[in-house]
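The structure that follows is given in the form of structure tokens.
The values are calculated or read from the model by the stated rules, or taken from the named source; none is laboratory data. If you're wondering where the values come from, they're calculated on a predicted model, not measured in any experiment. Here the Cβ positions follow ideal geometry from the backbone for every residue, glycine too, while neighbour counts run over all protein chains shown.
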Amino acid sequence: MVKKIFLFIYILHCEIKTVFKYKFSSLLLIIGPTLLVAIQYILWTYVYREYEYINGFTLENIILYVVIVRFWSFILPGFFLASSVEQRVKDGSIVKDLIQPNSIILF
């Protein structure tokens, strides 16, 4: 179990280093979710301007949910792995991985 935790931390560390390799991409990675939260905040504030509760939820509940979901999706290592694989498919470098197979988690 301890080995799995250390492996998870190592993978997370490698993925974060890979993501922050390019500064502009890293900046967009941080600004994107922040902008989405801001837009959702504005929309939900507009929806809740006339009502205190909608189906038992308050504006504070919805905003907390939005922030937690964005934060959670940002810190999940699967997000980094999925975006890495997606980018490799888009730019065609996945072909090299298929020809010369490596561990996709540890490359």
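Six or more apart or on different chains, Cβ atoms under 9 Å: show the pairs whose first residue is in region 20-40 and outside any helix (DSSP H, G or I) and whose second is aliphatic (A, V, I, L, M).
F20/L29
Could you tell me whether any residue of region 78-86 is closer than 23 Å to H13 by Cα and at pLDDT 75 or above? Reasoning before the result, please.
Taking region 78-86 first, the residues closer than 23 Å to H13 by Cα are 78-86.
After this cut, where a residue has to be at pLDDT 75 or above as well, the list is none.
Taking every residue of region 78-86 in turn, none turns out to be closer than 23 Å to H13 by Cα and at pLDDT 75 or above.
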